Amino acid sequence: MVYTRRSRSTKVAKAVASRYQRVKVRTVPLSRLVEFLTGTPDPMDKRGRDQLIGRREWESYDTRKRNRAVGFVERTSLVARHSLKPPLCFSRTPKNELFDADHAKAIKSQKLMLRAKDAPITVLVPKYMLPVGSLIGMVPRLKTTPTEDLAVILNSRLFNFYWRYFYPRQAGKPAVPPVERLTEFNVPMLTKTNGAAFRKVRDKILKLGRENATLLGSVDQVQKIADEAGIQVIPIGETEGMIREINVPRPLGSVASVKRRGPVVIFRRGSTIVTTTEEAATYLEFWLEQRFDQLDGMTREDLEEYVRMPMSTAHVVEVLQRQARIESQIETIQKQIDELQVEADDHLYDLYALNDNERAYLISAFP
């Protein structure tokens, strides 16, 4: 019999599957360790904007008031592994119809979020944040749940292998729902002895993840970057050679998003700010996205006074350069996290006694 590359891969995959099912360490189904939250309704669809607060207002609260404002993780907020970009908007209180009892209880505990994709990404997130839409939240059921371990295990190639190999796509058949896939995943229960090397790497990963989460929370706050650089921001109508035209034919209604096309920033059809440079438009887009929930009812005159940016193009460019440096830091840290994840994966493979061929297969099949 002639073995093709595909048949060799299939043979190795079956060997990995066999080792996964016969692992010698104790394992527990994920469904016994966590409660699954399939996501709260999207507040943008279910509530008026008067029920939301912007990040800037939330940051002005003291600790007690912050803890009462429940954060929503937006669909775009999961960025890279192990790190979470803080949400743009927060609900004022958990005591409304957005939450059932399980969700209201879950806000007080640390959670895992999983983005259900072909290549799932899992993050460990703080208290007072809940999943929205397609994100799956996992809340610890037992005091001994290795929540921090799970954040790394569910980002491993081994879990990716389980996710794809055990539930491959088949034409004509409905896909197995993500939660059903998760419930049956067997989590290795690590002891102090066999888990020491893994957890040493895990702690490094989570520390870097927290650093990236902080950077991700500040990278698009351009006015804060300008303030820290000592660059004064002034009403847009007073800037020098930054704005070509502000066109708001009628007071703005609820603005779902802010878009940019070249030097033009668009709120909705017919409502735009045309800048003289793309740098100014980039700054404006970031600035307005932080405050889109506050634009309701504004006229052109209101915008000229409300929108604030640096006086000159040179100052705008300096802010964006500082922002680019933060983005560079994020990328550098993410590379370190990815390298450490590979090391953590190796420690997991040791538990399953995978040989070199099987490890090479996982690396090539699940990059």
Query raised in the report: Can you give the extra length, in nm with one decimal, that the chain gains between Arg141 and Thr299 once fully stretched, where that is 0.36 nm per residue apart less the Cα-Cα distance?
Result: 51.8 nm
**Report entry** Spin-label pair Ala101/Glu148, simplified geometry with 7 Å Cα→Cβ offset, distance in nm
**Finding:** 3.3
Report summary line: Over its alpha-carbon atoms, segment 250-367 yields an Rg and a Dmax in Å of 23.1, 69
Report summary line: Dimensionless Rg/Rh of segment 233-310, both radii on Cα and Rh by Kirkwood, sits at 0.91
Report summary line: When Tyr165, Tyr361 are arranged by how many other beta-carbons sit within 10 Å of their Cβ, fewest first, they go Tyr165, Tyr361
Query raised in the report: Using r as the Cβ-Cβ distance of Ser9 and Lys207, and R0 as 41 Å, what FRET efficiency do you calculate, to the nearest 0.05?
Result: 0.70
Query raised in the report: Residue-wise, which Karplus ³J(HN,Hα) couplings in Hz belong to segment 353-363, taking 6.51 cos²θ - 1.76 cosθ + 1.60, θ = phi - 60°, and x for glycine or proline?
Result: 6, 6, 8, 4, 5, 5, 5, 4, 5, 4, 5
Report task. Sort Tyr283, Tyr306 so the one with the fewest other Cβ atoms within 10 Å of its own Cβ comes first. Result -> Tyr306, Tyr283
**Report entry** Spatial separation of Cα centroids for segment 177-226 and segment 289-344, in angstrom
**Finding:** 24
Requested in this report: Could you calculate the FRET efficiency of Glu184 with Asp338 from 1/(1 + (r/R0)^6), where r is the beta carbon distance between them and R0 is 30 Å, rounded to 0.05?
Outcome: 0.65
Report summary line: Extend 7 Å from the Cα of Asn67 along its Cα-to-C-beta direction; within segment 97-130, residues with backbone N under 19 Å of that point are 103-111, 125-130
Report summary line: Karplus-derived 3J(HN,Hα) from phi for segment 105-114 (6.51 cos²θ - 1.76 cosθ + 1.60, θ = phi - 60°), whole Hz, x at Gly and Pro, runs 5, 5, 5, 8, 10, 6, 10, 10, 10, 10
**Report entry** ³J(HN,Hα), Karplus 6.51/-1.76/1.60, whole Hz, each residue of segment 199-204, x for Gly, Pro
**Finding:** 6, 5, 5, 4, 4, 5
**Report entry** Given Lys207/Lys335; Lys200/Lys335; Lys224/Lys259; Lys117/Lys204; Lys65/Lys335; Lys111/Lys200, the pairs whose alpha carbons are separated by over 24 Å
**Finding:** Lys117/Lys204; Lys65/Lys335
Query - Longest site-free stretch - the chain; sites: GluC sites (Glu not before Pro), DSSP loop, at most 16 other Cβ within 10 Å - result: 241-367
Query - Kirkwood-type radius of segment 278-334, with distances r between different C-alpha atoms, in Å - result: 12.9
**Report entry** Relative contact order (percent, whole number), segment 233-310, Cα cutoff 8 Å, 6+ residue spacing
**Finding:** 43
Report task. Measure off 7 Å from each Cα along the Cα-to-Cβ vector at Ala360 and Lys200, then give the distance between these two points in nanometres to one decimal. Result -> 2.8
Query raised in the report: Taking the alpha-carbon centroid of each part, what is the distance from segment 131-172 to segment 100-125 in angstrom?
Result: 10
Requested in this report: Could you name the aspartates and glutamates whose alpha carbon sits less than 14 Å from that of Lys14, not counting residues in the same chain fewer than 8 places away?
Outcome: Glu358
Query raised in the report: How far apart, in nm, are two points set 7 Å out from the Cα along the Cα-to-Cβ line at Ser134 and at Ala229?
Result: 3.5
Report task. With a 10 Å radius around each residue's Cβ, average the other Cβ atoms per peptide and rank 263-270, 310-317, highest first. Result -> 310-317, 263-270
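Just so you know, all these numbers are worked out from the coordinates, no wet-lab data involved. Worth saying up front: this structure is predicted, and the values here are computed from it rather than measured. Note that we place each Cβ from the backbone using ideal geometry, even for glycine, and neighbour counts take in every protein chain shown.
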